[in-house]
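Computed from the coordinates by the stated procedures, all read-outs in this text should not be read as laboratory data. Given the structure is predicted, the values throughout are model-derived calculations rather than measurements. Every residue, glycine among them, receives a Cβ derived from its backbone with ideal geometry; neighbour counts consider all protein chains shown.
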Number of protein chains: 2
Amino acid sequence: MSDPDRTPPAVAVVGAESPGNVGTIARSMKNFGFSELLLVDPPELDLDGEAYGFAGHAREDVLPNAEELDFRTLTEKYHTIGCTAVTGEDDRRHVRFPFSTPAELADRLPRVAGPTALVFGRERIGLTNEELAGIDELCSIPASPDYPVLNLGQAATVVLYELRGLALEGSQLPDVERARAPPELVDRLYGSWEELLAEIEHPPEKREKTMRMLRRIYGRAELTEREVTTVLGLLRRAVERPDRG
Amino acid sequence: MSDPDRTPPAVAVVGAESPGNVGTIARSMKNFGFSELLLVDPPELDLDGEAYGFAGHAREDVLPNAEELDFRTLTEKYHTIGCTAVTGEDDRRHVRFPFSTPAELADRLPRVAGPTALVFGRERIGLTNEELAGIDELCSIPASPDYPVLNLGQAATVVLYELRGLALEGSQLPDVERARAPPELVDRLYGSWEELLAEIEHPPEKREKTMRMLRRIYGRAELTEREVTTVLGLLRRAVERPDRG
């Protein structure tokens, strides 16, 4: 995923009105491995206000380490990627076109070194056209044509989620989603089912078809060892039917 | 993307404490084309409170049309996908394993018909183990091993973003991110650069290499027609240098 020699993009929030949104963005940054928060014209961020209240564990580092700077300094020091709702469909509306989607950025940015900042604008009006004109490239989140305008915190979360590969070596999730049971064990499962079909006097001419269906079901489910062991135990008890004793 | 005959998954919010989070989720639902909101044990949703305040345009439909139901009814009526933070790495912790990532769900769900609900739990404790036991399958968002626990509204936004293909035919974005300028026009751009190199007496032995670099730059940028036309105009003026007249 990420190159350890490379700094993940900074996140710049321009002119946010709500401290809660700054806190939410800080939390999402920490969730996805980002740490450098830049604030242009921020609201007051009180230690006992909404910014710190919404920041989760990011109240310990991302938020108190945030750097305040002006917009010109931001565009001078960083390659800036402005995140903005694109609603027009006209390539002559040059200010917001061309754009990349977050997934496309995730594909391209790892091949480019140099300080980069993801720039998010105000809650209601986003980035002004004047600000957009000073920005190097644009990013827009694909959403519903009926209502493509995301809340500021939600937009930042989606972009940071898509770009997490620039900031994280891996994730909290195990490398495999499931440790598939060994085939021999799964075969024992099918053996047990065959025994049970015999025991319950399932019509012999139907057994092959039924077994094929069972294989399809379990095959699609990609059972873990624990799951197979559990079902095997159930089938064994069903075959033995202890209550008959 | 989505099949018009198929209903997108419902979104179920279980035991949320904050009306604002319910509103945020409703807004994200509308952003990504989802409409069926199910509420188990919801907080009060006042028309002039945070739920409606945070819902954006979803205050007009998703939120007022939300259905309240109990958890048992939810699991009986829907194939339930519980969204939960997975932090353990042990496939014997059966309750939260196996899981799918949102991207994997986006890949698999289009091939399955039938009523489905994405289930989100409480702000602090998520879904209880008892609730998880009644749920059909699990989904977990890959995040930082240091802090994988997303805010409720952010988690729902990421999942709905990834699954938007189940709910939307397309997006607000133009089909192409940029309409690449016709090759003949781009060739005129290179022609103008060659003229300019001659005009500024760029060393002839360096021109080929310089032109190659310019082609690489513009090639990577995949210029639009408008962009080429603009740069052509600039180069023409640079060649003509009207101030010399």
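Look at A:LEU197, A:LEU234 and count the other Cβ atoms within 10 Å of each Cβ; fewest to most, that gives A:LEU234, A:LEU197. Charges were assigned to the Cβ only: +1 to each Lys and Arg, -1 to each Asp and Glu. The resulting dipole of the protein assembly as shown about its Cα centre is roughly 1460 debye. Once backbone amide H atoms are built at 1.01 Å from N, A:SER100 has A:LEU138, A:CYS139, A:SER140 as its partners under 5 Å, excluding neighbours fewer than 5 places away on the same chain. Taking each DSSP H run with n ≥ 4 as -39500 (n - 2.57) and averaging over every residue of chain A yields -12000 deg cm²/dmol at 222 nm. Cβ crowding within 10 Å, taken as a proxy for footprinting-reagent exposure, orders A:THR229, B:THR80 from fewest neighbours to most as A:THR229, B:THR80. When +1 charges are put on Lys and Arg Cβ atoms and -1 charges on Asp and Glu Cβ atoms, the dipole computed for the stretch A:183-244 relative to its Cα centre reaches about 200 debye. B:THR230 label point (Cα plus 7 Å toward Cβ) to equivalent points in the other copies: 6.0 nm, shortest first. Beta-bridge orientation, the protein assembly as shown: approximately 10 percent antiparallel, per DSSP, counting only bridges with both partners inside.
Since only B:ALA179, B:TYR147, B:GLY165 are under comparison, the one whose Cα sits farthest along the positive direction of the charge dipole of the protein assembly as shown, derived from C-beta charges on Lys, Arg, Asp and Glu, is B:ALA179.
B:GLU104 label point (Cα plus 7 Å toward Cβ) to equivalent points in the other copies: 2.9 nm, shortest first. Measuring from the axis that maps chain B onto chain A, the chain B residue with the nearest beta carbon and its rounded distance in angstrom come out as B:THR157, 3.
Suppose you put the label 7 Å out from Cα in the Cβ direction; list, shortest first and in nm with one decimal, how far A:MET211 is from each other copy's label. Between copies, matching label points for A:MET211 lie 7.3 nm apart. For B:HIS79, the residues whose amide H sits under 5 Å from its own are B:THR116, B:ALA117, ignoring neighbours fewer than 5 places away on the same chain, with H placed 1.01 Å from N. Legend: mean number of C-beta atoms from other chains within 10 angstrom of residue C-beta atoms, peptide A:22-34, equals 4. In order along the stretch B:138-150, phi translates into HN-Hα couplings of 10, 10, 9, 8, x, 8, 5, x, 6, 7, x, 8, 7 Hz, rounded to whole numbers, per the Karplus curve 6.51 cos²θ - 1.76 cosθ + 1.60 with θ = phi - 60° and x for Gly and Pro. Each Lys and Arg adds +1 at its Cβ and each Asp and Glu adds -1 at its Cβ; summed about the Cα centre, chain A shows a dipole of about 1260 debye. Contact order, relative form, for the stretch A:183-244: 54 percent (alpha carbon pairs under 8 Å, 6 or more residues apart, mean separation divided by residue count).
Calculated translational diffusion coefficient of the stretch A:113-245 (10 °C, 1.306 mPa s; Stokes-Einstein with Kirkwood radius over alpha-carbon pairs) equals 77 µm²/s.
Evaluating 6.51 cos²θ - 1.76 cosθ + 1.60 at θ = phi - 60° for every residue in the stretch A:57-72, the Karplus couplings come out as 5, 5, 5, 7, 9, 4, 5, x, 8, 4, 10, 8, 8, 9, 4, 4 Hz, glycine and proline recorded as x. Quick note on the stretch B:10-166: its Rg to Rh ratio, both from C-alpha atoms and Rh being the Kirkwood radius, is 0.94. For B:LYS77, the lysines whose Cα falls under 25 Å of its own Cα, not counting residues fewer than eight places away in the same chain, are B:LYS30. Here the average projected area of the convex hull drawn through the C-alpha atoms of the stretch B:183-244 stands at 4.2 nm². In units of the rule-of-thumb radius 2.2 N^0.38 Å, the stretch A:125-172 shows an alpha carbon radius of gyration of 1.40. Note: relative contact order over the stretch A:119-245, using C-alpha pairs below 8 Å and six or more positions apart, is 26 percent. State the dimensionless ratio Rg/Rh of the protein assembly as shown (Rg: radius of gyration of Cα atoms; Rh: Kirkwood radius). With Rg and the Kirkwood Rh in hand, the quotient comes to 1.07.
Distance from the alpha carbon centroid of the stretch B:1-69 to that of the stretch A:108-154 works out to 25 angstrom.
Here is the size of the stretch A:94-145 from its Cα atoms: Rg then Dmax, 12.0, 34 Å.
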